[in-house]
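To start, the structure under review is shown below, and the notes come after it.
Taken together, the values in this text are just the output of simple stated rules run on the coordinates, not laboratory data. Keep in mind that this is a model prediction, so the values were computed, not measured. So basically every Cβ, Gly included, is an ideal-geometry build from the backbone, and we count neighbours across all protein chains shown.
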Amino acid sequence: MTVGIEQQDDTQPVSRVGLSCWPRLLSPMMLARYLCVGVQTIYNHRDEIPGLVPLGRSIRWDRLIVDEWITQGTPGWITP
């Protein structure tokens, strides 16, 4: 049974109101899943990924900035 909700793609599930189900700030583990790479790759290349937000001893990435970077073709990033 379908509910009439379509997903834009496999990496960004969409909620019933059409908003992305991904949070605005992504942890390294979440960003790795979002970009379909390993967590170690995120740590190794964290200075190359825009949108880094330091939060005390933790780091997060702003998903909207990462989305814009992906739209631009991920300049400066390794090719998977």
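Criterion first (outside any helix (DSSP H, G or I) and β-branched (Val, Ile, Thr)) does Val66 satisfy it? Can you show your working first?
Numbers: outside any helix (DSSP H, G or I): no; β-branched (Val, Ile, Thr): yes.
It is false that Val66 is outside any helix (DSSP H, G or I) and β-branched (Val, Ile, Thr).
Every residue in segment 45-60 that is surrounded by 13 or more Cβ atoms within 10 Å (Cβ to Cβ) and out of contact with any Pro (no Cβ under 7 Å at 6 or more places or on another chain), please.
Once the filter is applied, which keeps residues that are surrounded by 13 or more Cβ atoms within 10 Å (Cβ to Cβ) and out of contact with any Pro (no Cβ under 7 Å at 6 or more places or on another chain), segment 45-60 yields His45, Arg46, Glu48, Ile49, Pro50, Gly51, Leu52, Val53, Arg60.
Of all residues in segment 18-34, those satisfying the criterion of being surrounded by 16 or more Cβ atoms within 10 Å (Cβ to Cβ), in contact (Cβ under 8 Å) with a residue 24 or more places away in the chain and not in a strand (DSSP E or B) are Trp22, Ser27, Pro28, Leu31, Tyr34.
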